[in-house]
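Participant: One structure, pasted below without further comment.
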Amino acid sequence: MPAADSTSGTSATQSGASGLPQRPRPHSIAPGRLTVEDHLETILRGIGPLGAYDQPVVESLGLSLHEEVVSDIDLPRHDSADTDGYAVSSADLGRATTSDPVELPVVGEIIAGSGKPFAISSGTCVSIMTGAPLPHGADAVVPMTEVEGDHARVIFRRPVSPGQRVRRQGEDVRAGSVVLPEGAVLGPREIGLLAAVGRARVKARPRPRVVILSTGRELREPGEHLGHDSVYDGNSSMIAAAVRSAGAIAFRVGAVGDDPRQFQRVLSDQLVRADLVITTGGLGHSRRDVVRQVLGALGTVQFHDVALEPGSDQGFGRVYDEQTPIITLPGDPVAAFVSFEVFALPALRRLMGRVPYRRPQVHAVLAQDIVSQPGHREYVRAVFEVTHRGAKVTPVEGRGAHLIGRLAQANALIVVGEDETALNLGDTVRTIVLDRSF
């Protein structure tokens, strides 16, 4: 499980509403509220990595290996030319000088991929292409730019050392060596290596399939006509994009109304293609808050008041016969985004077998005062940049959970601890830099 963030002024460890042993609680958190770590730990304990299976190497970008890959071949597979030139025996050019050059007959040409073995005798040379195997009897390659002559005879005006411009067999990878350990995340370079050692398929954990639902009768699809009290559904598109950015597969269902039967039907229909469901909205306590109403009745989804700002209403559990895990996020767009970052992103990385689960925090110098209320951990939208004086972070104006325009201006979140009421200009603060690979 991820380590807890350090906080000041903590009390003794105790058990909370989740039934899990809690870490020391900041003093300012009211009784009955869960800490961020409590809720995250509940989610991570309730979700395990997906089972691995053989997949095409080229389709495995961003996935986590579930095997140790051992090379069956050497790389390079044979001693080969490092440049276009002439393969020679270095002993034949030992006395070559500008005033007393050595002239050798060209007895053939070796082309990469010809598949024909070749040998030269003392006192001869052969034309050779880059990457072509060195012929038996040769131990060096002289670049074409350093010789004179034609296709029949070549003049050499300097000696060469054994091994000059030669790529040695196995100097990069030895047959039988481990080229990638289990757990390695496959990027373009790793995929290139796998293909180079002959692997067409690898055993890797798949991309999680994530169904995204927004709830609310006021929501409309972008491009549709808006009534006087309706709004466009930005949440499902934002969360779907965040899911894809994390390397998972997103199925954006869009907006579902406040009718419990409709919500149940849509949710049930979507489970056939879901390893995880993420909802936004519907977490209040009125009869119109369909997510809490429908899922709370199942008894397998728990809703909690989490000491998080923005986004204190959170839920997690499993639904229906499929026992598909579901993470319920608040409906305000900033709260939904912060909650995804704090809770859903770690869950996705656990499903994929990727560590660390949480985005690493960095330290930056605060460029503007921040005032915060105690009793919750606040994630403040901000702009992070590195200047000639080092890393600095500037809060974005406006703290409302509905200000998605301000959210789009930010590239970072400043972490304000539960017991912290003020961070001052010049303080070094914990910062989550968004959109960075980790």
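Participant: Scan region 225-259 for residues that are more than 16 Å from P330 (Cα to Cα) and open to solvent by less than 40 Å² (accessible area, probe 1.4 Å) and jot them down.
Facilitator: Across region 225-259, the qualifying residues are G227, S230, V243, A246, G247, A248, A250.
Participant: Kindly indicate which of P310, P346, P330 is in contact with a strand residue (DSSP E or B) (Cβ under 6 Å, 6 or more places away or on another chain) and not small (G, A, S). Outline the logic, then answer.
Facilitator: Numbers: P310 fails: in contact with a strand residue (DSSP E or B) (Cβ under 6 Å, 6 or more places away or on another chain); P346 fails: in contact with a strand residue (DSSP E or B) (Cβ under 6 Å, 6 or more places away or on another chain).
Of the residues listed, the single one that is in contact with a strand residue (DSSP E or B) (Cβ under 6 Å, 6 or more places away or on another chain) and not small (G, A, S) is P330.
Participant: Of all residues in region 74-93, which are touching a helix residue (DSSP H, G or I) at 6+ places or on another chain (Cβ under 6 Å) and crowded, with 21+ Cβ neighbours inside 10 Å?
Facilitator: Hit for region 74-93 is G85, nothing else.
Participant: Which one is most open to solvent (accessible area, probe 1.4 Å) among residues in region 109-140 that are assigned to a strand (DSSP E or B) and under 11 Å from Y86 (Cβ atoms)? Step through it out loud before you land on a result.
Facilitator: First, the residues of region 109-140 that are assigned to a strand (DSSP E or B): 109-110, 119, 125-128, 133, 136, 140.
The next check asks that each one be under 11 Å from Y86 (Cβ atoms); those that pass are 109-110, 125-128, 140.
Details: E109: 117, I110: 6, C125: 0, V126: 0, S127: 19, I128: 3, A140: 0 Å².
Looking at the filtered set, the residue picked out is E109.
Participant: Can you work out which of the residues in region 346-395 that are modelled with pLDDT under 95 and β-branched (V, I, T) is farthest from S312 (Cα to Cα)?
Facilitator: Filtering first and then ranking leaves T387.
Participant: Let me ask something else about it. Quick one: which of A12, A4, A30 is open to solvent by 40 Å² or more (accessible area, probe 1.4 Å), modelled with pLDDT under 50 and within 23 Å of S339 (Cα to Cα)? So that I can check it myself, show each step before the final result.
Facilitator: Numbers: A12 fails: within 23 Å of S339 (Cα to Cα); A30 fails: modelled with pLDDT under 50.
Step by step, each of A12, A4, A30 is checked, and only A4 is open to solvent by 40 Å² or more (accessible area, probe 1.4 Å), modelled with pLDDT under 50 and within 23 Å of S339 (Cα to Cα).
Participant: Of everything in region 245-274 that's touching a helix residue (DSSP H, G or I) at 6+ places or on another chain (Cβ under 6 Å) and not in a strand (DSSP E or B), which residue is modelled with the lowest pLDDT?
Facilitator: D258
Participant: Turning to a different aspect of this structure: Among the residues of region 212-244, what is the count of those that are part of a helix (DSSP H, G or I) and in contact with a strand residue (DSSP E or B) (Cβ under 6 Å, 6 or more places away or on another chain)?
Facilitator: The number of residues fulfilling the criteria is 6.
Participant: Here's another thing I want to ask about it. Taking V290 and the conditions (1) buried (at least 18 other Cβ atoms within 10 Å of the Cβ); (2) without any contact (Cβ under 8 Å) to a residue 60 or more places away in the chain; (3) among the β-branched types (V, I, T), which numbered condition does it fall short on, given that it satisfies the others?
Facilitator: Result: V290 passes all but (2).
Participant: For the list (1) open to solvent by 80 Å² or more (accessible area, probe 1.4 Å); (2) among the basic types (K, R); (3) assigned to a loop (DSSP other than H, G, I, E, B), I need the number of the one condition that R189 fails.
Facilitator: (3)
The values are calculated or read from the model by the stated rules, or taken from the named source; none is laboratory data. All values derive from a computational prediction rather than experimental measurement. Glycine gets a Cβ as well: all are built from the backbone with ideal geometry, and neighbour counts include every protein chain shown. Heads up: the accessible areas ignore ligands, DNA and RNA and are worked out on the full protein's heavy atoms, side chains in. Shrake-Rupley method; radii C 1.70, N 1.55, O 1.52, S 1.80 Å.
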